[in-house]
Amino acid sequence: MDNELNKIVKRSFESLVTDDSKFGMPELRYVINMLLGHDSGIDWATEFEERFAGCIGVKYAIACNSGTSGLHAALYAAGVDKGDEVIIPALNVIMGVYGVLALGGIPVFADVNEDTHLVSVEEIEKKITKKTKVILTCSWEGLSCDMDPIMDLARNHGIKVVDDSARTILGTYKGRQAGTIADLSVFSLESKKHLTAGGEGGIIVSDNANLAQRARKFAGIGYRHLSAGAGRTHLGIDKVQAPDYKRFDTIGLNYRMNDVSAAVALGQLDRIDEIVNRRKDIGQMFLQATADVNWFIPQRTPEGYEHAYYTFSVDYRGKEAHGTSWKSFYKQYKEMGGDGFYGVVAIPYLEPSLLGETYGDIKFSSGLCPVAEGLQQRVMCFKTNYRDLDLARIKIDLLAELISKY
């Protein structure tokens, strides 16, 4: 059937897929194969899990319907419960915080380093108490944290580490894949991420069988037959159909990935090197075009790391250097024909949903993490997900031209 499907796909869609299409022939083939062969017995999510685990070099992978649900399940697997503290970088999105709160935990925010925009082991250590259960690191904008000392600190205190790798895939840290060093890591497959499941999706990875099984059970409605690896143990149909068969031994939620999303993600995996390397190339193009500008400071990539460039992120100091505000620079770039860049999302504890609330002994208000709060107001995040390198070069040249005016 696969050969016939390939012919159908080729005739129907080849003329529609161009070099700059977000999705290509691999994704189309997988989705059509899944739709027409839905009774084939293929477990598409498991197929994706196994291939993703092999791609980044981990033992276990659990596909989810979003990165947010993946974080929730990973934090559960790491043991977060009522009253437990979870240390979280202040320069971050809010989703991990919501996962902590949903489990009854207490978010404790740590400040970041101004040059890398990442949390450091020194800032984490300041926040550790007897109530600390988990450190939630964040590989921000495509760059891994300095994980080795963080893992050493965590082991010394009996603390688990969960890495939010939503924006980092195929980046490296001291020769290892970013997102493979923590006890559990979570990747996002949302539409703008390096690798996507088409709209929403996520995947948890771990080398720890117990943690992987806990995450899978929580994300799989608590089915007792779920295992760390292939997704389930194999039971005879006579056992499952019997009226005395008990299905659930864990309270969980339905965070499982659907077959269509898994099929799209499999097609993306076929092209992952091409997709990620293009982002890395564009990041390097930005870096070269904006070098040696003391008021336009790129996120520093330490020696021995490879940035995956979810965005090209810079600390903009133009206000102090020549009186041009963030918004004014943005407006000028747009007027020249540049793409709009992004500001950093608000510090989680300053979002309206959390601002003024008290968790544990901490009231969420400005001033808790001054370095992160300052960066959040200054940083510019330039898109790297161009599918046409020539277009990327045009936009980058416009940025260089604008910088040269100052």
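Give me the one-decimal nm value for the distance between modelled label points at Glu125 and Val260, 7 Å along each residue's Cα-to-Cβ direction.
5.1 nm
When a/c reaches 1.5 or more, the comparison of a/b and b/c decides; with that in mind, is the range 325-406 rounded, prolate or oblate per its Cα gyration tensor?
prolate
Contour minus end-to-end for Arg155 and Asp43, with contour as 0.36 nm per residue of separation and end-to-end as the Cα-Cα distance? Walk me through the numbers before you get to the answer.
Values: separation 112, 0.36 × 112 = 40.32 nm, distance 3.63 nm.
Net length gain for the segment: 36.7 nm.
Hey, what D do you get for the chain in µm²/s if you plug the Kirkwood alpha-carbon radius into Stokes-Einstein at 20 °C and 1.002 mPa s?
95 µm²/s
Each residue of the range 369-376 in order: what ³J(HN,Hα) in whole Hz does its phi give by Karplus 6.51 cos²θ - 1.76 cosθ + 1.60, θ = phi - 60°, with x for Gly and Pro?
Here the 3J(HN,Hα) series is 9, x, 5, 4, 5, x, 4, 4 Hz.
When a footprinting reagent is the concern and you count Cβ atoms within 10 Å, what order do Glu47, Glu303, Glu357, Glu85 take, fewest first?
Lowest count first: Glu303, Glu357, Glu47, Glu85.
Whole number please: convex hull volume per residue of the Cα set in the range 258-406, in Å³? Could the numbers behind the result be given before it?
Working: hull volume 27.5 nm³, N = 149.
Measuring per residue, one finds 185 Å³ for the Cα hull of the range 258-406.
Say each of Phe248 and Ala209 gets a label point 7 Å from the Cα, pointing the same way as Cα to Cβ; how far apart are those two points in nm?
2.7 nm
Under the rule of at least 5 residues apart or a separate chain, name every residue whose amide H is placed under 5 Å from the amide H of Val119.
Answer set, sorted by chain and number: Asn113, Cys138.
So how do Tyr305, Tyr245 line up by other beta-carbon neighbours within 10 Å, fewest first?
Ranked by crowding around the Cβ, least crowded first: Tyr245, Tyr305.
Residues of the range 371-406 with the amide nitrogen closer than 20 Å to a label point 7 Å from the Cα of Asp270, along Cα-to-Cβ, please.
387
At most 10 other Cβ atoms within 10 Å plus a DSSP loop assignment makes a site exposed; report the longest stretch of the chain without any exposed trypsin sites (Lys or Arg not before Pro). Present the calculation step by step, with values, prior to reporting the outcome.
On the way: sites that count: Lys82, Lys130, Lys246, Arg247, Lys405.
Answer - 248-404.
Within a 10 angstrom radius of the beta carbon, how do Thr250, Thr168 rank from fewest other beta carbons to most?
So the ranking, lowest neighbour count to highest, is Thr250, Thr168.
I need the shape label for the range 272-337. Rule: rounded when a/c is under 1.5, else prolate if a/b > b/c, else oblate, with a, b, c from the alpha carbon gyration tensor.
Judged from the Cα gyration tensor, the range 272-337 comes out oblate (a/c at least 1.5, b/c at or above a/b).
What is the diffusion coefficient of the range 173-291 in µm²/s, taking the Kirkwood radius over Cα pairs and the Stokes-Einstein relation at 4 °C with a viscosity of 1.567 mPa s? Kindly include the intermediate steps, with their values, before the conclusion.
Values: Rh = 17.0 Å.
Diffusion coefficient, whole number: 76 µm²/s.
Output ³J(HN,Hα) for the range 140-153: one whole-Hz value per residue in order, computed from phi by the Karplus curve 6.51 cos²θ - 1.76 cosθ + 1.60 with θ = phi - 60°, and x for Gly and Pro.
Computed from phi, the couplings for the range 140-153 are 7, 6, x, 10, 6, 5, 7, 6, 4, x, 5, 5, 4, 4 Hz.
We did not get these values from a lab; they are worked out from the coordinates using the rules stated. Bear in mind that the values here come from a model prediction, so they are computed numbers and not experimental data. Please note: Cβ atoms are built from the backbone with ideal geometry, for glycine as well, and neighbour counts cover all protein chains shown.
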